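Coordinate-derived values only; no laboratory data. Computed from a prediction, not measured in an experiment: that's the story for all the values here. Don't worry about glycine lacking a Cβ; one is built from the backbone with ideal geometry, like all the others, and counts go over all protein chains shown.
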Amino acid sequence: MGVSLSSLAFRPPTPTYALVPDKALPNTLQFADGWTPQVGLELQRTPIRLRAQTPSPLVATRLRARLALLSTGAPILHVTHADDEDGRLTLLYSHGTSFDLGVLRDHCVALASALNVHVAAYDYRGYGAAKSHKPSERHANEDAAAALAFLTQQAAVPARSIVLYGLSLGVAPTMHLAASTGADVAGVVVRSGYLSALAVAMGRAGAALPGSPFDVAAHARRVKAPVLIIHGDLDELIGMWQAEELVRLCGGAVEPMLVEGHGHFDVEWSPLFLPRLTRFLMQETRR
């Protein structure tokens, strides 16, 4: 049953992008369709949209993007502010089951602009440009660790400047990574989280069964960094009771954002989303 649940958790879309060598810069990649952060800010072609004003042209020109392959072969997109202002945090974004970098790249630049942070997002093997691999929980955990290593080693980002951010399926590799790195990272954001694959499939009865794939509850008990849990009360896929239980389990949990009137895919549209996330990043993380 565990193998079945693990395999069912991954539902990669038909790849929405392709990567090609960047002719202007040696040993680098670019999106085959010519996408840039400026295009992303202008068009916002993403199913997850922020409730925020359109960024100014000045902000748009200050964003840049780097594409690379991780040590596992999975791709990573690193969106940064060109001015290199000291003190900016970096979000390491682990995405949900039905997304890939092509779907979320516009959302990454919107987050970078609205929150004044750098954003790195990666695909799991089995997704996007790494479609030839078979997705698995082990691969996702390895890819998350490789993404963190890319930031700290190749991009020279201090661990205490990194906030791990998991969306839905991505909560599992995020919490696994947070538990394994202790309190080294600045913080953790759990967006539409869950206790385990069995809890999602079977409800409270499944939550009580040991040995489930994607055992977020077990990881939560070991996370030392501050944790912000965000969940909508109308979530049609994961009941909010699981978020409430995660708040109890996480020793570093701060005041959660449990949003009324929002479901699994539209929490970012809440007027509370950006202010609460900004407060967490600026005031409640460890740096």
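May I ask you to order 75-83, 197-205 by the average number of other C-beta atoms within 10 Å around their residues, highest value first?
Ranked from most to least packed, the peptides come out as 75-83, 197-205.
Return the sequence-ordered ³J(HN,Hα) values of segment 169-174 in whole Hz as given by the Karplus equation 6.51 cos²θ - 1.76 cosθ + 1.60 applied to θ = phi - 60°, using x for Gly and Pro.
Using θ = phi - 60°, the values come out as 3, x, 5, 5, x, 5 Hz.
Largest first and in whole Å, what are the equivalent-ellipsoid semi-axes of the chain based on the Cα gyration tensor, each being the root of 5 times an eigenvalue?
Over the Cα atoms of the chain, the ellipsoid semi-axes are 28, 21, 18 Å.
Test of understanding: express the Cα radius of gyration of segment 83-142 as a ratio to 2.2 N^0.38 Å, with N the residue count.
1.27
Between Asp233 and Ala149, what FRET efficiency comes out of the Förster formula 1/(1 + (r/R0)^6) with R0 = 30 Å and r the beta carbon distance, rounded to 0.05?
Between Ala149 and Asp233 the formula returns 0.25.
Using all Cα-Cα distances in segment 203-287, what percent lands in each 5 angstrom bin from 0 up to the longest?
Here the calculated profile for segment 203-287 is 3, 14, 21, 22, 21, 12, 5, 1.
What length, rounded to one decimal in nm, is gained on full extension from Arg11 through to Ala82, with 0.36 nm per residue of separation minus their alpha-carbon distance?
22.1 nm
Once the Cα atoms of helix 101-115 and of the chain are each reduced to a long axis, what angle between those two axes, in degrees from 0 to 90 to the nearest 10, is obtained?
Helix 101-115 sits roughly 90 degrees off the main axis of the chain.
Taking the square root of 5 times each eigenvalue of the Cα gyration tensor, what semi-axes in Å does the equivalent ellipsoid of segment 117-256 have, largest first?
24, 19, 13
For Lys131, list long-range residues whose amide hydrogen, built 1.01 Å from N in the peptide plane, is under 5 Å from its own amide hydrogen.
Gly126
Using θ = phi - 60° and the Karplus relation 6.51 cos²θ - 1.76 cosθ + 1.60, list the HN-Hα couplings for segment 225-241 in order, rounded to whole Hz, with x at every Gly or Pro.
6, x, 10, 9, 9, 10, 7, x, 6, 9, 4, 7, 10, 9, x, 5, 4
So if R0 is 22 Å, what FRET efficiency would Arg64 and Trp269 give, r being the distance between their Cβ atoms, rounded to the nearest 0.05?
0.20
For Ile162, list long-range residues whose amide hydrogen, built 1.01 Å from N in the peptide plane, is under 5 Å from its own amide hydrogen.
Thr90, Ala186
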